[in-house]
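Bear in mind that the values in this text are calculations on the coordinates, not laboratory data. The shown structure was predicted, so the numbers you read here are calculated from the model rather than taken from an experiment. Here Cβ is always computed from backbone atoms with ideal geometry, including for glycine, and neighbour counts include all displayed protein chains.
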Amino acid sequence: MNKIYIVSTTCPNLEDAQRIAKELVSAGLVACAQIGNTITSTYIWKNKQYSENEIPLIFKTSINSIEKLEKKLKILHPYECPEFITIQVNASNEYAKWVNDTCK
């Protein structure tokens with residue numbers, strides 16, 4: 001089976017991104033966490049427009065870990081409503097096996 005999931009979120013700063021990445025990898029909920037460079041996000045929250053710097057955080061995980069990952073991310077994340085976007089993708093057989101074997 002060569003299906004894996006890519007999960008996307010953003011964090012308010014590098015320290016939160018690093019803390020969340022380390023915790024989720026250590027817990028076996030993601031095989032890999034990738035922290036990106038600062039981006040600027042413009043959005044509406046509670047009827048007010050914001051433009052804030054954020055740190056993108058991308059995870060590679062298995063279908064068996066998605067639900068547990070979402071619950072844990074909500075606990076760890078400082079945002080009231082953290083981004084949690086999942087995309088199912090095809091990966092090479094070897095990479096998919098590693099992701100699926102690594103995630104609990």
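Of all the residues in region 56-76, those that are surrounded by 21 or more Cβ atoms within 10 Å (Cβ to Cβ) and either within 13 Å of P12 (Cβ to Cβ) or among the hydrophobic types (A, V, I, L, M, F, W, C) (or both) number 4.
Within the set L69, L29, L24, the sole residue that is in contact with a Leu (Cβ under 6 Å, 6 or more places away or on another chain) and in a helix (DSSP H, G or I) turns out to be L69.
Which residues, taken from region 61-80, are hydrophobic (A, V, I, L, M, F, W, C) and touching a strand residue (DSSP E or B) at 6+ places or on another chain (Cβ under 8 Å)? Of everything in region 61-80, those that are hydrophobic (A, V, I, L, M, F, W, C) and touching a strand residue (DSSP E or B) at 6+ places or on another chain (Cβ under 8 Å) turn out to be I63, I66, L69, L73.
Per the listing S26, S41, S51, S62, the residue uniquely closer than 20 Å to K97 by Cβ and hydroxyl-bearing (S, T, Y) is S62.
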